[in-house]
1. How much length would be gained if the chain were fully extended between ARG148 and ALA16, taking 0.36 nm per residue of separation minus their Cα-Cα distance, in nm to one decimal?
2. Measure off, as a whole percent, the carbon and sulfur share of the 1.4 Å-probe accessible area of region 1-116, all protein chains present.
3. For q = 0.14 Å⁻¹, what log10 I(q)/I(0) does region 5-68 give under the Debye formula with an equal point scatterer on each alpha carbon and no solvent?
4. Give me the angle, in degrees from 0 to 90, between the Cα long axis of helix 71-80 and the longest principal axis of the Cα atoms of the chain, rounded to the nearest 10.
5. Which of LEU158, LEU98, LEU139 moves the most in a Gaussian network model of the chain with Cα springs under 10 Å?
6. Output ³J(HN,Hα) for region 116-123: one whole-Hz value per residue in order, computed from phi by the Karplus curve 6.51 cos²θ - 1.76 cosθ + 1.60 with θ = phi - 60°, and x for Gly and Pro.
7. Accessible area per residue of region 49-140 at 1.4 Å probe, in Å²?
8. In whole percent, what relative contact order does the chain give with Cα contacts below 8 Å and a gap of six or more residues?
Amino acid sequence: MPPSSPSDLTRKEQKATLESTAIRYLSYSPRFKAEVFDRLARKAKDMGISDSFTLINQIVVSLEESGFLDDRKNLESYIRIRLREKMKGPYWMKPRLLHLGLSKPEVENALREFADRSVQLEVRRRCLDRRGLKNPLALKEKAKLFRRVLSRGFGRDLVASVFDHDPDLE
């Protein structure tokens, strides 16, 4: 094998540095592909790499193939945790997912799939039951609670149906 030229060696070193940066970044928590790409682009700029786009693409593709990056799995997990554990609705999640670099159709499809109406109703009812609100509420308390649930990112029609206990939603 012929010895590597200095430019090849630096390219290999650059790739190794970016790969280790990506692995370290992914070790803290699961990330979306766009987040990793942005992080590597900033690191490449700091390192002064001129043609970083192809190098970063190679690294991201290798991370996807090895299973370190899986946007679909991360999206499902993000939605499930925010909805069921933190009790945040789709209107709250959508702008945050878009900010993380996911495409609008991808986010909308995932929200439709993983945060459908029945799951949202279950979460809202569980939240109301947890608060011990089975007794009839005064109008002022009901309005306050209605606003609070809306601020958590749930739709107005869904919140109204939970409060009214619509028989076709039971």
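The values are calculated or read from the model by the stated rules, or taken from the named source; none is laboratory data. What you see is a predicted model; the values in this text were computed from it and never measured. For neighbour counting, all protein chains shown are included, and Cβ atoms are generated from backbone atoms with ideal geometry for every residue, glycine included. Accessible surface areas use protein heavy atoms only, side chains included; no ligands, DNA or RNA. Shrake-Rupley method; radii C 1.70, N 1.55, O 1.52, S 1.80 Å.
1. Contour length minus Cα-Cα distance gives 42.6 nm.
2. 52 percent
3. -0.36
4. Taking Cα atoms only, the helix is inclined about 30 degrees.
5. LEU139
6. Coupling constants for region 116-123: 6, 4, 5, 5, 4, 4, 4, 5 Hz.
7. Averaged over the residues of region 49-140, the accessible area is 62 Å².
8. Worked out over the chain, it gives 20 percent.
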